[in-house]
1. List pairs: first in segment 413-434 and under 15 Å from residue 392 (Cα atoms) and free of Cβ contacts under 8 Å to residues at least 24 places away in the same chain, second of a type outside the set (Lys, Arg) and open to solvent by 50 Å² or more (accessible area, probe 1.4 Å), Cβ under 9 Å, 6+ apart or cross-chain?
2. Filter segment 140-162 down to the residues that are surrounded by 19 or more Cβ atoms within 10 Å (Cβ to Cβ) and either among the small types (Gly, Ala, Ser) or in the same structural domain as residue 266 (by the TED database) (or both), then identify the one that is farthest from residue 251 (Cα to Cα).
3. Would you check which residues across segment 263-303 are among the small types (Gly, Ala, Ser), part of a loop (DSSP other than H, G, I, E, B) and on the phi > 0 side of the Ramachandran plot and list them?
4. In segment 238-258, is there at least one residue being of a type in the set (A, V, I, L, M), loosely packed, with under 15 Cβ neighbours inside 10 Å and at pLDDT 95 or above?
5. Name the single residue, out of those in segment 259-281 being free of Cβ contacts under 8 Å to residues at least 40 places away in the same chain and of a type in the set (S, T, N, Q), that is most open to solvent (accessible area, probe 1.4 Å).
6. Please find, among 368, 344, the residue that is assigned to a strand (DSSP E or B) and surrounded by 14 or more Cβ atoms within 10 Å (Cβ to Cβ).
7. What are the pairs with Cβ atoms under 6 angstrom where one residue, in segment 187-208, is under 19 Å from residue 355 (Cβ atoms) and not assigned by the TED database to the domain that holds residue 57 and the other, located anywhere, is open to solvent by 70 Å² or more (accessible area, probe 1.4 Å) and assigned to a loop (DSSP other than H, G, I, E, B)? Sequence gap at least six, or different chains.
8. Looking at segment 74-110, which of its residues are in a loop (DSSP other than H, G, I, E, B) and either hydroxyl-bearing (Ser, Thr, Tyr) or open to solvent by 70 Å² or more (accessible area, probe 1.4 Å) (or both)?
Amino acid sequence: MAAKNFKYVILGGGVSAGYAAREFAKQGLKPGELAVISKEAVAPYERPALSKAYLFPESPARLPGFHVCVGSGGERLLPEWYKEKGIELILSTEIVKVDLAGKTLVSGTGESFKYQTLVIATGSTVIRLTDFGVKGAEAKNIFYLREIDDADKLNEAIKSKKNGKAVIVGGGYIGLELGAALRINNLDVKMVYPEPWCMPRLFTSDIAAFYEGYYANKGIKIIKGTVAVGFTANSDGEVKEVHLKDGTVLEADIVVVGVGGRPLTTLFKGQVEEEKGGIKTDAFFKTSVPDVYAVGDVATFPLKLYNEIRRVEHVDHARKSAEQAVKAIKASEEGKTIEEYDYLPFFYSRSFDLSWQFYGDNVGETVLFGDNNPTSPKAKFGTYWIKDGKVVGAFLEGGSPEENQSIAKVAKVQPPVAGLDQLAKEGLSFASKI
């Protein structure tokens with residue numbers, strides 16, 4: 001089988017891949033120069049929709065509604081768009097072998113693809129309980145959420161197990177968002193996680209107390225400080241019980257596991273420099289191998305603002321890193337230079353009627369401000385992180401677009417503070433003055 005040749009190949013079909021394709025088209029492409037190779041069966045889409053509106057019982061989000069780049073207010077790139085731009089969209093194709101020195105990719109069916117420049121946008125995969133040999137973790141109706149197929153299977157189970165019992169394993173992003181989604185679907189929901197509070201990598205105990213209280217008021221039972229150590233199934237092989245380390249046994253018709261992800265870098269092992277679990281890049285997402293770039297979840301890059309290198313798993317960085325890499329590729333071809341990537345870490349989430357945003361770094365001392373009573377009809381509160389006398393991070397629940405912009409500005413500018421008490425008193429008005 002003769003190899004297909006392309007000037008550029010984007011390997012991956014997630015958010016980064018879609019935004020990179022759009023940037024290539026914007027910068028100027030000849031038909032047939034670019035291919036996007038994805039193991040998924042659909043064109044790149046905005047992945048965050050899967051844990052939110054995709055599972056709504058009424059007016060759920062469905063493709064083609066959330067193809068990239070609608071998540072950032074951009075044009076929706078339907079499969080026809082790729083055709084019009086002369087971009088080859090190669091779907092349902094899993095690459096199993098990569099030869100970076102030989103600039104060749106090989107698929108599971110033996111097809112070869114050659115490139116001049118490669119953009120690695122393989123993203124992450126979920127960590128599965130079967131990876132740790134958890135007993136019974138292969139039972140039916142134990143779900144993970146990463147791709148649209150996963151969301152479809154979960155949706156079917158929600159419909160078939162109407163008003164049933166759901167157990168969420170994990171208290172991070174996926175756990176909190178899916179806990180809300182399943183409750184909205186009228187399931188009886190219990191959440192289990194080992195940490196002393198939810199979202200411990202970002203939330204302080206004060207922030208977490210609000211969300212745990214709010215979820216409890218919605219009828220979600222939270223069980224902390226223990227883990228799932230096994231599952232039992234019924235005669236049809238469907239999960240029926242979750243066994244916890246502390247001896248508790250929970251009934252379950254549906255289990256959703258959200259215990260983190262890992263970047264998909266296995267194909268490149270030993271061929272490219274790695275750091276902090278990802279592929280090491282410069283501020284233009286160029287790797288240690290000529291003509292190979294890495295973007296999104298897989299890239300470990302210089303975070304200029306904090307003068308350190310980091311790997312960031314978030315949709316905002318997936319979009320922006322993809323655009324930066326393509327601009328850099330085009331600039332180098334034309335002998336031009338572009339600005340270094342100067343990223344402000346940004347995380348957000350929406351569940352029930354809640355919506356929070358966080359910008360910056362969550363290190364140092366913290367100050368809580370506003371109303372964080374979970375029973376308030378319209379709670380609005382926030383937190384600042386202060387390091388070396390400066391505000392380095394800011395979180396806000398229930399903010400308006402203008403207020404969210406003001407906390408982003410604070411995190412970027414890093415203004416000095418007179419004292420923590422004064423900052424707590426000023427609260428959001430401190431950010432508005434910057």
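1. 413/434
2. 151
3. As a first pass, look at segment 263-303 and keep what is among the small types (Gly, Ala, Ser): 270, 277-278, 283, 288, 294, 296, 299.
From the residues that got through so far, the ones that are part of a loop (DSSP other than H, G, I, E, B) too are 270, 277, 283, 288.
Matches in segment 263-303: 270, 277.
4. To start, the set of residues in segment 238-258 that are of a type in the set (A, V, I, L, M) comprises 239, 242, 244, 249-250, 252, 254-257.
Subset that is loosely packed, with under 15 Cβ neighbours inside 10 Å: 249.
Narrowing further to those that are at pLDDT 95 or above: 249.
Among the residues of segment 238-258, at least one is of a type in the set (A, V, I, L, M), loosely packed, with under 15 Cβ neighbours inside 10 Å and at pLDDT 95 or above, which makes the answer yes.
5. Pass one, segment 259-281, residues free of Cβ contacts under 8 Å to residues at least 40 places away in the same chain: 266, 269-270, 273-278, 280-281.
Retained after the next criterion (residues that are of a type in the set (S, T, N, Q)): 266, 281.
Values: 266: 106, 281: 13 Å².
It comes out as 266.
6. Details: 344 fails: assigned to a strand (DSSP E or B).
The match here is 368.
7. Note: pairs meeting the criteria are 208/197.
8. Listed by number, the residues that qualify are 75, 76, 85, 92, 93, 94, 101, 109.
The values are calculated or read from the model by the stated rules, or taken from the named source; none is laboratory data. Keep in mind that this is a model prediction, so the values were computed, not measured. Positions of Cβ are backbone-derived with ideal geometry, glycine not excepted, and every protein chain shown enters the neighbour counts. Heads up: the accessible areas ignore ligands, DNA and RNA and are worked out on the full protein's heavy atoms, side chains in. Shrake-Rupley method; radii C 1.70, N 1.55, O 1.52, S 1.80 Å.
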